[in-house]
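Inspection log for the structure reproduced underneath, given as structure tokens.
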Amino acid sequence: MKISKKDALMWMEFFACLPEEEELLPRQQEILLAVLSQIEAAADARAEALRREIPGLKTLCGRTDYVGPDAKFPPGCRSCLLGTGLSAIRKTNKCNAQCKFCYDFGVLDRIAPIGEGYWEIGGTKFREEDLDLLLSIHKTPTGISYVYLEPFMEIEVYYGIIAKFHAAGIHQHMYTNGILVNEGNLRMLAQAGLDELRFNLGATNCSDPVIANMALAKKYLPRVGIETPMTPEFFDSFFKKKDAILATHIDSINCAELHLNENNIGNYAGEPLYMYRQGYISPIWSRELTLKFMRRAAEERWDLAVHDCSNRTKFARDLNLRAKEGGWFGASAYACEFPRIPYDAFLPVLRNPDFQFLEEEPLPVGYRPGDIVL
């Protein structure tokens with residue numbers, strides 16, 4: 001059903017008033033999904049219009065979009081989208097920054113430790129001496145990434161495991177906010193064989209010391225890039241310091257579409273949100289800012305790759321991973337990160353007079369006000 005914006009607002013206001021434990025009845029679920037679909041279709045159309053304005057837009061096998069030199073597209077992203085997926089290695093449960101877009105916002109002091117001397121790989125705990133056993137049994141992945149939370153809080157424990165995976169010929173990339181990066185630890189990472197370091201430049205609002213650390217990293221490591229959730233704050237601060245950032249000669253910028261969970265959604269109360277393929281919930285402006293960012297990069301011919309790491313890209317990533325694992329046709333781990341859809345979070349976009357649905361039709365009998373919706 002192509003529910004109208006007026007009817008969508010009426011029903012979502014009703015759903016938002018329901019007790020948290022009350023489940024929607026089947027026809028109410030139909031209405032909810034129709035509302036979310038209408039918002040999503042309008043958001044997709046807005047994004048598509050912006051895509052068409054980007055000169056020289058490229059695609060990676062139809063799975064994601066980017067601009068810039070092909071050779072500078074991050075190998076870690078190729079592994080994620082074409083290889084055996086994003087194999088995450090977890091170790092550090094602490095961070096030295098507090099970012100409003102962080103998935104662990106407000107609970108950083110409650111993140112469970114992996115355990116002294118242990119690494120979490122594929123949901124299993126390993127010691128460094130177990131890696132030879134792991135590599136002798138499992139098929140070698142095309143790439144791995146070091147996540148969770150800020151690895152430079154204890155970077156000295158990473159050198160040995162990086163060297164092990166380097167010897168096995170596995171591409172490795174690491175995420176950091178860049179605050180604790182220095183010449184000494186960069187030299188050790190280079191010696192261990194780290195292939196790619198990605199700076200979350202938005203974590204420090206494009207601070208000058210971190211920009212300097214990106215230039216320093218480029219002296220030691222084969223590939224250096226930025227990966228940051230695209231927010232208005234990052235967009236504005238980047239362009240204020242664009243010349244200094246581009247002068248670091250980094251290879252790539254991954255513009256991640258910001259998606260929300262129970263921890264960080266409160267920081268974006270009142271923002272226009274949409275739900276992509278009944279999975280991630282994001283501010284509509286996040287991908288729109290990315291596409292405007294990419295247009296600038298293409299028009300100004302920046303000598304780096306700028307990647308639209310959108311919800312669509314994440315959707316493709318999970319399909320690729322499950323296919324590589326031998327999953328059934330259509331299998332994916334892509335899903336909503338909320339145990340219950342936050343109905344009230346969609347009220348601002350429905351109340352926004354500038355956000356219009358593409359097509360509307362009257363509610364059918366049985367779904368109108370006064371009807372019993374079962």
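The values are calculated or read from the model by the stated rules, or taken from the named source; none is laboratory data. Predicted, not measured: the structure shown is a model, and the values here were computed from it. Virtual Cβ from ideal backbone geometry, glycine too; neighbours counted across all protein chains shown. What goes into the accessible areas is simple: the full protein's heavy atoms, side chains included, and nothing from ligands, DNA or RNA. Shrake-Rupley method; radii C 1.70, N 1.55, O 1.52, S 1.80 Å.
Screening L358 against (1) touching a residue at least 60 places away in the same chain (Cβ under 8 Å); (2) surrounded by 17 or more Cβ atoms within 10 Å (Cβ to Cβ) leaves a single unmet condition, (2).
Which residues, taken from region 236-248, are in contact (Cβ under 8 Å) with a residue 40 or more places away in the chain and either crowded, with 19+ Cβ neighbours inside 10 Å or not in a helix (DSSP H, G or I) (or both)? Correct list: F238, I245.
Taking the stated definitions as given, is L133 open to solvent by 30 Å² or more (accessible area, probe 1.4 Å) and part of a helix (DSSP H, G or I)?
On the way: open to solvent by 30 Å² or more (accessible area, probe 1.4 Å): yes; part of a helix (DSSP H, G or I): yes.
Yes.
Looking only at residues in region 256-302 that are assigned to a helix (DSSP H, G or I) and among the acidic types (D, E), the one that is nearest to K100 (Cα to Cα) is E288.
With the requirement that a residue be over 19 Å from F357 (Cβ atoms) and not charged (D, E, K, R), what does region 17-36 give you? Passing the criteria: C17, L18, P19, L24, L25, P26, Q28, Q29. Scanning region 303-326 for residues that are part of a loop (DSSP other than H, G, I, E, B), out of contact with any strand residue (DSSP E or B) (no Cβ under 7 Å at 6 or more places or on another chain) and either buried (at least 19 other Cβ atoms within 10 Å of the Cβ) or at pLDDT below 95 (or both) yields a total of 3.
Quick one: how many residues across region 32-79 are under 19 Å from L321 (Cα atoms), open to solvent by 20 Å² or more (accessible area, probe 1.4 Å) and part of a helix (DSSP H, G or I)? Summing the residues that are under 19 Å from L321 (Cα atoms), open to solvent by 20 Å² or more (accessible area, probe 1.4 Å) and part of a helix (DSSP H, G or I) in region 32-79 gives 2. Take F329 and tell me if it is closer than 30 Å to P141 by Cβ, aromatic (F, W, Y) and out of contact with any Leu (no Cβ under 9 Å at 6 or more places or on another chain). Spelling it out, F329 is indeed closer than 30 Å to P141 by Cβ, aromatic (F, W, Y) and out of contact with any Leu (no Cβ under 9 Å at 6 or more places or on another chain).
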